[in-house]
Amino acid sequence: MRKRGETVMAAAAAEKSTKEKLLSTLDDIEVLSRELIEMLALSRTQKLPQPGEDTDILELLVQRDKEFQELMQTAVEQGKVHQEMQALEKEVEKRDSDIQQLQKQLKEAEHILATAVYQAKEKLKSIEKARKGSISSEEIIKYAHRISASNAVCAPLNWVPGDPRRPYPTDLEMRSGILGNMSNMPTNGVNGHLPGDALAAGRLPDILTPQYPWQSADVSMGILPPHHGNDFGLEPPGHNKENEDDVEAMSTDSSSSSSDSD
Amino acid sequence: MAGVMETEEQARHRFQLELEFVQCLANPNYLNFLAQRGYLREKPFVNYLKYLLYWKEPEYAKFLKYPHCLHMLELLQYEHFRKELVNAQCAKFIDEQQILHWQHYSRKRTRLQQALAEQQQQQPQAPSHGNTTSK
């Protein structure tokens, strides 16, 4: 009987949970109390086989009971700690959801700001563009007069098919300019719409050279053509029209945002 | 790409040359002429056309008497257009459409004038109807 008690105690020496310890202690108590009762039942009929065994068992019983009480105490404390832990976990959950909420709001704010910044940049661009292209209305009107008066953009009201006037420089006009007089323009009657043109043969004497207004720029303005290296055989310098600004403003950190609604 | 230093005189001359040339581009027959002689296929020429785009800037455009040339210049930047210009029918079509467009405002104005004239013809009749009924 003792050995059974010892083996049970040996098993309890390993690290076990309170519940297991409690249960094992209960088992011990059960075993001991059964032994005691058996002994008491036997002692009615026969003498004690071993003197003092009943006191041993009683001592063990008391000891087990004490252990049991202690374990119960520990269990109660552990219960309290567990409750605290649960309360703290709830707090943590609450804080977590708060943080997530804030994160969502922050993301939304960032999105809105990014859009606003992007649109502001677009607006600035268009303002800059408009400012760049601003021309005095007087100049525009002057120009409009010039191109309309010469019938360059609007046909003369009495124009009929057969009228030699055109919205582009005619053969005649082309030949009488600087270009026409520079090199020998190959004469081809197909392209010229003045086939019987007496001027087609060559140059006019200088005094007869008509100065059409489309050729003479107002040179006193001092405007010069843009400078260029004389070699057009090479690739022209590339103008990178890629607008990197557009991409930068719109790319936000795309984490899991399931809400796409605007 | 060696930058040749040109004198102001040369630059002015070049300005006039380029002014004339870019305006010649408004003439579809001239474009056909250039296409048939293969100029539009040469890479330096294509680069030159791209360089000529500076005439679109307002400070240069104000010298152009034939603004159609700018549209032609823009179209010429596309290879497909340059290829198509070899056909004489293409040039003829462009010429016809260009002239029709050119006449657009005149036509509109004559239509308006006709409408106005018709209106004025109707108006004198209306009051006379009213006079005959009152006796």
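Which ones in segment B:26-35 are more than 7 Å from chain A (Cβ to nearest Cβ) and either basic (K, R) or under 16 Å from B:W102 (Cβ atoms) (or both)? Listed by number, the list holds a single entry, B:P28. Out of curiosity, is B:P28 crowded, with 19+ Cβ neighbours inside 10 Å and touching an Asp or Glu at 6+ places or on another chain (Cβ under 9 Å)? Here the answer is yes, as B:P28 does meet what is asked.
Considering B:K43, B:K50, which residue is loosely packed, with under 12 Cβ neighbours inside 10 Å and at the interface with chain A (Cβ under 7 Å from one of its Cβ atoms)?
Numbers: B:K50 fails: loosely packed, with under 12 Cβ neighbours inside 10 Å.
After ruling out the rest, the residue left standing is B:K43.
Would you mind stating whether A:A41 is out of contact with any Asp or Glu (no Cβ under 7 Å at 6 or more places or on another chain) and touching a residue at least 40 places away in the same chain (Cβ under 8 Å)? When the stated conditions are applied, A:A41 does not pass them.
For residues in segment B:9-25 being at the interface with chain A (Cβ under 7 Å from one of its Cβ atoms) and more than 29 Å from B:I99 (Cα to Cα), which is surrounded by the most Cβ atoms within 10 Å (Cβ to Cβ)?
Step one: list which residues in segment B:9-25 are at the interface with chain A (Cβ under 7 Å from one of its Cβ atoms), which gives B:11-12, B:14-21, B:23-24.
Remaining after also requiring more than 29 Å from B:I99 (Cα to Cα): B:11-12, B:14.
Numbers: B:A11: 14, B:R12: 17, B:R14: 15.
The selected residue is B:R12.
Can you confirm whether segment A:106-127 contains a residue that is modelled with pLDDT of 95 or more, touching a helix residue (DSSP H, G or I) at 6+ places or on another chain (Cβ under 7 Å) and of a type in the set (G, A, S)? Within segment A:106-127, one or more residues are modelled with pLDDT of 95 or more, touching a helix residue (DSSP H, G or I) at 6+ places or on another chain (Cβ under 7 Å) and of a type in the set (G, A, S). Considering segment B:53-68, the residues that are in contact (Cβ under 8 Å) with a residue 24 or more places away in the chain and more than 7 Å from chain A (Cβ to nearest Cβ) include one that is nearest to A:T170 (Cα to Cα), namely B:L64.
Taking only segment A:35-69 into account, find how many residues are modelled with pLDDT of 80 or more and among the basic types (K, R).
If we filter segment A:35-69 for residues that are modelled with pLDDT of 80 or more, which is where we start, we get A:35-42, A:55-69.
From what is left, the residues that are among the basic types (K, R) are A:64, A:66.
So the count comes out to 2.
The values are calculated or read from the model by the stated rules, or taken from the named source; none is laboratory data. Treat the numbers as computed from the prediction; the structure is a model and nothing was measured. Using ideal geometry, Cβ is built from the backbone for each residue, glycine included, and neighbour counts are taken over all protein chains shown.
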